[in-house]
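Here the structure comes first, spelled out in structure tokens, and everything after it is commentary.
Every number in this text was worked out from the coordinates using simple rules, so none of it is lab data. All figures in this text were calculated on a predicted structure; none of them were measured in a lab. Virtual Cβ from ideal backbone geometry, glycine too; neighbours counted across all protein chains shown.
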Amino acid sequence: MAAMFISCAGPQSAPEAETQIDTRPPSKTEAVPSDEEITSVITTKLYADPLYSPDEVKVQTQKGVVTLSGTVDNLQEKNRAISSAKPIRGVRSIVDLLRVRPALRSDQQIRDDVRKSLKLDPSIESKDFTVRVYNGVVFLQGTVDSWIERSLVEFAASRVTGVKEVQDQVQVKFRFTRPDADIQKDIEGRLRADPWIAENLLSVQVRNGYAALSGTVGSLAALDRADASARISGVRSVDTHAVKVIPHPLHRYLSNDPFLLQPDVQIKSAIHDAFRLDPRLDRSSIVVLVNSGVVELTGQVRNLIAKNAAEETAWNTRGVVEVFTRLTVRPSSHRSDAKLRRDVLFALGLDSLLSQESIRVKADSGIVELQGRVSSPTLKRLAGQVASQVQGVTAVQNRLEVPLASTVSSPREDLLLKRRITRMLRWTPELEANDVITTTVRNGKAELSGIVSSWAEHRNATRIAFEAGAKTVLNSLKVREAPHASSRTFNYETSPPAQG
């Protein structure tokens with residue numbers, strides 16, 4: 001049982017709410033959360049997300065199968081709700097009954113905007129797509145050179161206002177074939193480098209370009225990561241039907257010390273391999289330096305998407321402690337400031353989550369500045385991401401304002417936040433089973449202390465605290481492999497990249 005303490009700090013400050021979460025190996029009776037607990041944790045995550053109203057999405061769970069129902073405003077909200085359920089321990093499958101509320105837009109308007117969205121993204125090299133729309137459902141046809149580009153095409157369509165569903169019929173056609181042995185070796189290397197996958201529990205077989213995975217993973221989110229890791233150059237399709245989701249954390253112990261400190265040369269090699277397999281990146285133009293797990297990226301990339309992809313890849317490599325990105329963005333062609341400003345405004349207006357926000361744009365020699373006001377920190381971060389995905393943007397200065405939250409929380413609000421963090425940490429399989437985390441909350445600011453097994457878990461704990469609704473997170477967790485590392489304070493904009 002978790003022990004909860006409330007102590008009064010005096011008349012001028014809000015009380016602290018402290019919880020100690022014992023996540024040591026659970027007994028047989030508590031290894032798997034009950035259906036009621038799964039429902040409660042997912043509902044808690046959705047309630048803390050500013051994009052949803054409390055009654056918008058209904059959650060039901062039966063024997064680990066989660067059913068999501070209700071009506072949301074757009075496809076991005078629907079996909080976000082599904083993604084919120086996937087990392088929760090005990091979720092074996094998700095039944096999607098969510099409906100997207102129809103927008104007052106014609107199919108022709110939606111079609112035109114989808115085509116424009118595809119053209120704005122510099123990572124989508126192919127521009128010859130057939131786009132059909134019927135009652136808000138988008139049908140995409142065409143060919144691309146990689147699985148990553150295919151996923152970018154689907155995302156570019158899904159974010160357009162009025163889109164209720166995307167039927168992605170785009171085909172991946174490679175310029176050359178690769179031997180099965182080389183493909184299998186690369187997939188195994190990607191799984192081995194991923195801090196969220198116990199690679200020793202997964203087997204890979206490749207025959208005639210068809211990759212099949214078997215074994216176990218700890219969550220549906222980990223299953224998605226394994227599937228994405230297998231979709232590399234030369235792979236014609238990926239079959240994950242033989243991969244089972246084990247709804248408890250004990251599977252993490254079966255891997256051969258996946259969280260031990262990795263040698264710098266091994267980290268560097270894993271990052272280089274990941275860059276080589278990512279069509280968005282030109283590996284020869286990026287220099288990777290690693291010192292005691294701290295990664296520094298220097299060199300040049302073609303666009304801001306490539307820069308962000310390189311940083312995210314480094315963060316998601318096993319053994320990485322910190323990432324410093326000093327990459328220079330050098331677009332292949334020059335675009336005038338007026339055209340850049342117009343395209344960024346258009347991209348923001350296309351987005352179903354941002355189209356109603358008041359955002360102004362300035363452009364100066366490739367540097368885009370966002371001004372105005374948005375309704376939440378989530379949308380501020382999203383606006384920066386959307387602007388960074390426009391061809392010709394070399395940097396984004398996000399000066400958007402958000403409504404000021406109260407600097408003082410009531411004792412009840414701190415207690416509720418503490419409980420949300422507690423439950424979400426407890427039922428997240430990406431946290432090692434014998435970690436003990438203590439959470440202290442004061443005025444909406446959460447402090448995490450205790451010991452975790454890896455830097456990946458260290459970052460994940462910060463992300464979970466923000467998802468629970470924390471305004472600021474002081475991460476004082478110690479990592480077993482580096483017990484003398486200093487604490488770090490994050491606000492929403494400076495938090496590490498989310499996994500995935």
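A few notes on this one:
- Qualifying lysines (Cα of each under 18 Å from Cα of residue 339; at least 8 residues distant if same chain): 116, 119, 362
- By the count of neighbouring beta-carbon atoms within 10 Å, fewest first, 458, 241 end up ordered 241, 458.
- Global geometry of region 337-398, whether rounded, prolate or oblate, following the gyration tensor of its Cα atoms and the 1.5 cut on a/c: prolate
- Average projection area in nm² (convex hull over Cα atoms of region 32-101, one quarter of hull surface): 3.9
- Within a straight-line Cα-Cα reach of under 16 Å, residue 244 can be paired with the following lysines, leaving aside sequence neighbours fewer than 8 residues apart in one chain: 63, 86.
- 15 Å beta-carbon shell around residue 330, net charge (K/R +1, D/E -1): +4
- Backbone HN-Hα couplings from phi across region 34-47 [Karplus 6.51/-1.76/1.60, Hz, Gly and Pro as x]: 6, 4, 5, 5, 4, 4, 5, 5, 5, 4, 4, 4, 5, 5
- Fully extended contour minus Cα-Cα distance, from residue 214 to residue 355, at 0.36 nm per residue: 46.5 nm
- Cα shape, region 70-210, gyration tensor, a/c 1.5 rule: oblate
- Net charge of the neighbourhood of residue 144, taken over other residues with C-beta under 9 Å away and scored Lys/Arg +1, Asp/Glu -1, is -1.
- Here's the picture: a label point sits 7 Å out from the Cα of residue 276 along the beta-carbon direction, and within region 168-205 the residues with their amide nitrogen under 17 Å of it are 176-194.
- Under 10 Å, Cβ to Cβ, from residue 205 - net charge with Lys/Arg +1 and Asp/Glu -1: -1
- In terms of its C-alpha gyration tensor, region 282-423 comes out oblate, because a/c is 1.5 or above while a/b does not outweigh b/c.
- Rounded to the nearest 20 debye, the dipole magnitude of region 283-383 is 240 debye, with +1 charges on Lys and Arg beta carbons, -1 on Asp and Glu beta carbons, and the Cα centre as origin.
- Leading residue at positive end of dipole, region 337-398 (Cβ point charges), from 349, 386, 372: 372
- Inter-centroid distance (Cα atoms) of region 196-249 relative to region 87-145, Å: 25
- Annotation for region 171-202: trypsin sites (Lys or Arg not before Pro) lying in DSSP loop with at most 12 further Cβ atoms inside 10 Å of their Cβ are 173, 175.
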